[in-house]
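Visitor: Below you'll find the structure I mean.
The values are calculated or read from the model by the stated rules, or taken from the named source; none is laboratory data. Small disclaimer: the values here were computed from a predicted structure and weren't measured. Every residue, glycine among them, receives a Cβ derived from its backbone with ideal geometry; neighbour counts consider all protein chains shown.
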Amino acid sequence: MDKMTKIRKFPSVGDLLMMLLLFCLSQLLIGSLLGAVGVVAPATSAIDAVDIETYMNEQLALGRYTALVYPLLMLSSIAILWLYVRLRGGRRAIRIRHSASGFNPTVVLVGVLWLFSSQIILEPLVSLLPENPSQGLGRGAWACFTSVFTAAVSEELLCRGLIFETLHKRWGVKTSILFSSLFFGFIHFDLATAIIALVAGVIFGVLYVRTSSLYTTIIIHAINNAFAFALISFGVGDVSFREVVGGGLLYYILYGVAVAIFLTCSVETYLKVFRAKKS
């Protein structure tokens, strides 16, 4: 009886805060251990501070570094949080969904349109925030692999898998989507990126519930990261959508189209997920 009571009370708000703390501590610990054995980020220069060959060599070295370090950081954090959940919640606290319906191309297309339109809508707000001073993931094939595959898989395993499923048993679908999205935003640290990630997390969470599959969110997450990496590789990663279209009337028309797409995807998915569950 005491064991069942313990499982019902898990997770509490305190558990969620503890998981955030454990994530931060695990990142610091693994980063410190890697630094102690000489695995440190290579020095990088601003693109206008050195010649292009030096800059590219530095970025390629950074790409190789992140390909090694990023999975170690994320997998260690996932393992520590998984252990915490097992100790607090018991054997049946986690069940990550992986239905084949996650490969449904229609749902993937809706998710991509929904996600991209949300980023266009958020751009005016994000542009008011300080720029991220981070040196990024680097350039080259290794950096691409980290961004498109490693980040998409590990972040979805953590947020839509471990965090959502941990919360879902006690708090239900909507609360689990919200808090797993907050967690997703938090792990991106930078405020502008965190706001975009928060909204993306809600989209991913709803689609995860819709398909009962982590495959959906991994695919859409990977597509989004691939598009962002391509923009960075072509040197236009810092160029806003408004600058791309030249501003003016065309920008406002396309912004309105993005709003229409976002609302259409939101309503369509709401009816498929939440209205369907009520009926």
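Visitor: Search segment 220-233 for residues that are free of Cβ contacts under 8 Å to residues at least 12 places away in the same chain and pair each with any residue that is loosely packed, with under 15 Cβ neighbours inside 10 Å when their beta-carbon atoms are under 7 Å apart and the residues are at least 6 apart or on different chains.
Guide: That search, which allows pairs on different chains as well, returns Leu231/Gly237.
Visitor: If you take the residues of segment 31-85 that are among the charged types (D, E, K, R) and surrounded by fewer than 14 Cβ atoms within 10 Å (Cβ to Cβ), which of them is modelled with the highest pLDDT?
Guide: Selected residue: Glu53.
Visitor: Still on this structure: Is it the case that Leu250 is in a helix (DSSP H, G or I) and more than 21 Å from the chain's Cα centre (by Cα)?
Guide: Yes.
Visitor: Let me spell it out: the conditions are (1) closer than 30 Å to Asn57 by Cα; (2) over 18 Å from the mean Cα position of the chain (by Cα), and Leu83 meets all of them except one. Which number is the exception?
Guide: Among (1) closer than 30 Å to Asn57 by Cα; (2) over 18 Å from the mean Cα position of the chain (by Cα), the lone unmet condition for Leu83 is (1).
Visitor: Looking at Val153, Val173, which is the one that is part of a helix (DSSP H, G or I) and either out of contact with any Gly (no Cβ under 9 Å at 6 or more places or on another chain) or basic (Lys, Arg) (or both)?
Guide: None of the other options fit; the residue is Val153.
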